[in-house]
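Have a look at the structure below, then the notes.
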Amino acid sequence: MRKFAVGTAVCGALALSALAVPSAQALTPDITFSNVVVNSGKAITVGTTNTVIVPVTYTITRSADVQFDDVNAMVMLYRGTSFTTAQNVLGPGDAPSCTAVNDTTQNCTGDISITPQGDLYEAADATTWKTAGEYIRMGDDGVDVIARNTGSTATIKRAAKLTTNATPEPVAKGKTLTVKGSLTRATWSSGTYTGYASQPVTLQFRAKSSTTYSDVKTVTSGTGGALSTTVTASVDGYYRYKFAGTSTTAAKTSTSDYVDVQ
């Protein structure tokens with residue numbers, strides 16, 4: 001399935017026609033894109049509800065017969081081997097802001113808006129996406145829309161949630177403390193967070209008198225993402241779980257749970 005997030009400078013019909021143009025087709029390279037960086041090079045984390053505005057920076061260079069005033073140039077993301085076979089397309093967002101470097105080159109800042117309820121459909125969307133530069137040229141003969149692969153990529157990951165609950169509280173010194181929790185992640189197809197099983201999660205502890213956490217042990221998440229382990233209570237302090245993340249799911253650290261040892 002393919003979806004287009006429509007920006008202020010381009011209508012849906014134009015975006016569709018742009019993607020129908022193979023990058024290898026013999027078109028005059030009036031505008032070229034370079035130095036494309038999405039989200040400052042960091043992975044994009046998307047949950048189930050909030051729209052994520054992703055910053056994009058890039059450079060555009062014009063040929064001699066094109067004036068920048070006649071062009072709207074922007075960057076979008078697509079998943080697939082090519083434009084024509086893309087399983088999903090994201091962006092562009094608002095019209096970019098560009099600053100001249102010289103007469104033929106501009107540095108631009110734009111964005112891509114990702115709304116999970118409407119733009120992401122399945123687990124396969126948590127992967128590496130490719131970037132495409134698209135420009136709309138306003139000429140004497142009408143409007144030309146051209147899109148090309150820029151050679152850059154960006155990764156989209158599913159947001160994770162992680163909880164920690166230590167019991168009993170308070171606990172006697174030397175007694176067993178049970179630390180439970182839950183690891184879940186965004187499931188875009190249903191718009192909910194679902195359990196993430198078979199994942200290594202680190203239990204950490206910080207004594208009340210300390211400012212740093214230390215690793216206690218590794219716990220593997222079970223059915224529904226459930227976490228549970230036991231430790232021996234020794235001093236007052238804070239317990240928390242920490243998930244390092246995977247190629248498809250973002251890292252997450254839970255809120256700490258304070259335990260009074262008596």
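Taken together, the values in this text are just the output of simple stated rules run on the coordinates, not laboratory data. These numbers were taken from a predicted model, which means no experiment stands behind them. A quick note on method: Cβ atoms are made from the backbone with ideal geometry, for glycine too, and the neighbour counts reach across all protein chains shown.
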When each of LYS42/LYS180; LYS42/LYS217; LYS180/LYS252 is checked by Cα-Cα distance, pairs over 25 Å = LYS42/LYS180; LYS42/LYS217
key: In nm, spacing of pseudo-spin labels at THR32 and ILE53 (7 Å Cα→C-beta vector)   = 3.3 nm
request  = For segment 234-241, take each phi angle, set θ = phi - 60°, evaluate the Karplus expression 6.51 cos²θ - 1.76 cosθ + 1.60, and give the result in whole Hz per residue in order, putting x for glycine and proline.
outcome  = 10, 9, 4, x, 10, 10, 7, 9
request  = Report, in whole Å, the centroid distance computed from the Cα atoms of segment 69-119 and segment 230-262.
outcome  = 40 Å
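So what is the 222 nm mean residue ellipticity for the chain from helices alone, if each DSSP H run of at least 4 adds -39500 (n - 2.57) and you divide by all residues, rounding to the nearest 500 deg cm²/dmol?
Values: 2 runs with 12 residues, N = 262.
Dividing the helical sum by the residues of the chain leaves -1000 deg cm²/dmol.
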task = Work through the residues other than PRO200 whose Cβ is under 14 Å from its Cβ and net out their charges, Lys, Arg +1 and Asp, Glu -1.
result = +2
key: Gain on full stretching of the segment that runs from LYS173 to THR109 - 0.36 nm per residue minus C-alpha separation   = 17.3 nm
query = What FRET efficiency comes out for the pair ASP65/GLU122, r = Cβ-Cβ distance, R0 = 35 Å, nearest 0.05?
reply = 0.20
message = Test of understanding: ordering ASP30, ASP111 by Cβ neighbours within 10 Å, fewest first, what list do you get?
response = ASP30, ASP111
task = Can you tell me the relative contact order of the chain? Whole percent, Cα pairs under 8 Å, sequence separation 6 or more.
result = 18 percent
Sum of side-chain charges, ILE53 neighbourhood, beta-carbon under 13 Å (Lys, Arg +1; Asp, Glu -1) = -3
remark   = Per 5 angstrom bin, beginning at 0 and ending with the bin that holds the maximum distance, the Cα pairs of the chain fall in percents of 1, 6, 12, 14, 13, 10, 9, 7, 7, 6, 5, 4, 3, 2, 1, 0, 0
key: Local electrostatic count at VAL259 - Lys and Arg +1, Asp and Glu -1, tallied over other residues with Cβ under 10 Å   = -3
inquiry  = Please report, in whole Å³, the volume per residue of the convex hull around the C-alpha atoms of segment 160-259.
reply    = 92 Å³
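Given the Cα-Cα distance of THR194 and THR211 and 0.36 nm per residue of separation, how much length would full extension add, in nm?
Full-extension gain reported as 2.9 nm.
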